[in-house]
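Let me begin by presenting the structure, written as structure tokens, before commenting on it.
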Amino acid sequence: MKSRRRFVKAAATATLALACAALQGGVARAQGTIKVGELNSYKSQPAFLEPYRKGWQLAVDEINAGGGVLGRKLEVVSRDDNGNPGDAVRVAEELVSREGVNVLAGTFLSHIGLAVTDFAKQKRVFFLAAEPLTDKITWQNGNRYTYRLRSSTYMQVAMLVPQAVAAKKKRWALVYPNFEYGQSAAERFKELMKARQPDVEFVTEQATPLGKVDAGPVAQAIADAKPDGIFNVLFGPDLARFVREGNSRGLFKGRTVVSLLSGEPEYLDPLKAEAPEGWIVTGYPWDKIKTPEHQAFVSAYQKRFNDYPRLGSLVGYITMKSLAAGIAKAGGTDTEKLIAAFAGLRVDTPAGPVVYRAIDHQGTMGAWVGETTVENGRGTMKNFRYVDGASVQPPDEEVRKMRPSEQ
């Protein structure tokens with residue numbers, strides 16, 4: 001009888017120990033981090049991506065200070081893709097295989113975003129494309145594993161076309177970087193302008209190597225074509241070279257200039273007082289946006305980094321806030337549950353509500369549209385308004401024609 005009592009006591013003790021161990025293991029798992037793999041072209045595109053990194057760092061700080069996601073801290077494992085599609089795929093593989101992430105985010109250049117979009121499809125891993133603007137990410141090359149935050153090329157061009165039409169200019173010149181984003185932007189501008197202004201003429205197209213524009217000959221070729229208006233898609237150092245060369249030659253005088261992204265501080269700031277006057281642009285007049293949500297973001301950003309935000313800062317911030325909201329809704333990082341959670345997901349942001357459309361996985365983040373000007377020796381925007389991305393989408397039946405049926 002004594003031996004039986006000893007056996008029962010020992011069994012009870014063992015059961016209790018196993019229960020405690022299981023509980024401790026569950027607590028340990030609950031306290032583990034949620035890992036997000038992030039990749040971007042930090043070395044090759046620092047003007048946009050250094051602020052972008054600060055933006056997502058601020059968001060992660062806020063998320064973790066508020067208790068994390070599902071009681072777990074958010075951890076970002078970040079890698080540089082070297083501005084190269086092959087390296088981007090290699091880095092994505094490393095993040096998934098070695099780091100064990102179930103979620104990928106980031107990319108800047110469109111051809112790199114497309115490479116990671118395909119990787120996500122092949123490896124069945126969730127990917128939130130933050131910045132690449134090519135329409136193909138959510139349309140022609142879209143897949144069920146990929147969502148995109150920022151307004152696409154089509155959307156941004158559609159924001160500018162009404163003002164281009166209102167200018168009543170018939171002869172247009174186009175200048176753009178000769179890769180996926182620039183080519184797509186030029187095609188969209190021609191398509192949307194022809195639909196609104198059938199007699200429009202495109203008198204020259206200057207497709208320049210990315211990061212290597214020879215601004216003098218390009219400006220001269222445009223001048224020789226005698227356009228009434230110029231549609232520009234150059235950005236970064238290419239934009240600065242083009243503006244300076246165009247200013248010195250009087251290229252922009254008396255001509256309407258419509259320009260994608262050129263109102264963003266990362267591209268205006270290097271020009272200082274040389275910034276163009278009166279260009280119609282999409283951009284980010286950070287110091288003039290007075291909504292409470294945006295002012296709170298600016299205040300937190302300045303306190304954290306002793307610097308002012310650029311558009312990249314806002315994109316990085318909203319990217320991580322979106323992932324946190326999606327993971328919370330999905331109850332974890334299971335790929336299928338994340339895909340379902342992001343369909344119709346609404347995220348309140350400093351730029352207003354952003355919704356991830358179920359039909360094409362495109363976010364409705366908009367942009368500020370206005371005119372460039374110089375104030376206190378620096379470029380900024382005037383006469384601007386915020387255009388909600390949801391207002392510049394083609395009809396759903398057109399989206400269905402462009403997007404693969406695979407969901």
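The values are calculated or read from the model by the stated rules, or taken from the named source; none is laboratory data. The shown structure was predicted, so the numbers you read here are calculated from the model rather than taken from an experiment. Note: ideal-geometry Cβ built from the backbone for every residue, glycine included; neighbour counts use all protein chains shown. With ligands, DNA and RNA removed, areas are computed over all heavy atoms of the protein, side chains included. Shrake-Rupley method; radii C 1.70, N 1.55, O 1.52, S 1.80 Å.
Values as computed for the structure displayed
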{"item": "Any strands (runs of 3 or more DSSP E) falling wholly within segment 320-407 and containing at least 3 residues that are within 19 Å of the chain's Cα centre (by Cα)", "result": "346-349, 352-355, 367-375"}
{"item": "Helices (runs of 4 or more DSSP H) enclosed by segment 29-128 - at least 2 residues per element that are farther than 28 Å from Asn141 by Cα and open to solvent by less than 20 Å² (accessible area, probe 1.4 Å)", "result": "46-65"}
{"item": "One residue from Asp334, Asp348, Asp307 being of a type in the set (Asp, Glu), surrounded by 14 or more Cβ atoms within 10 Å (Cβ to Cβ) and modelled with pLDDT of 95 or more", "result": "Asp334"}
{"item": "Set Ser151, Ser184: member being closer than 28 Å to Pro350 by Cα and open to solvent by less than 30 Å² (accessible area, probe 1.4 Å)", "result": "Ser151"}
{"item": "Residue pairs meeting the criteria (Cβ under 9 Å; at least 6 apart or on separate chains; first more than 27 Å from Leu133 (Cα to Cα), in segment 246-261; second among the polar types (S, T, N, Q))", "result": "Arg249/Gln220; Leu251/Gln220"}
{"item": "Residue in segment 320-327 that is open to solvent by less than 10 Å² (accessible area, probe 1.4 Å) and of a type in the set (S, T, N, Q) present", "result": "yes"}
{"item": "Ala207 being of a type in the set (A, V, I, L, M, F, W, C), open to solvent by 40 Å² or more (accessible area, probe 1.4 Å) and free of Cβ contacts under 8 Å to residues at least 24 places away in the same chain", "result": "no"}
{"item": "Segment 275-304, subset open to solvent by 40 Å² or more (accessible area, probe 1.4 Å) and touching a residue at least 60 places away in the same chain (Cβ under 8 Å), residue farthest from Val369 (Cα to Cα)", "result": "Arg304"}
{"item": "Evaluation of Ile339 against (1) closer than 21 Å to Asn64 by Cα; (2) open to solvent by less than 20 Å² (accessible area, probe 1.4 Å) (one fails), failing number", "result": "(1)"}
{"item": "Of residues in segment 224-271 being closer than 22 Å to Pro209 by Cβ and among the charged types (D, E, K, R), the one surrounded by the most Cβ atoms within 10 Å (Cβ to Cβ)", "result": "Glu264"}
{"item": "Test for Tyr176: is it part of a helix (DSSP H, G or I), of a type in the set (Phe, Trp, Tyr) and open to solvent by 10 Å² or more (accessible area, probe 1.4 Å)", "result": "no"}
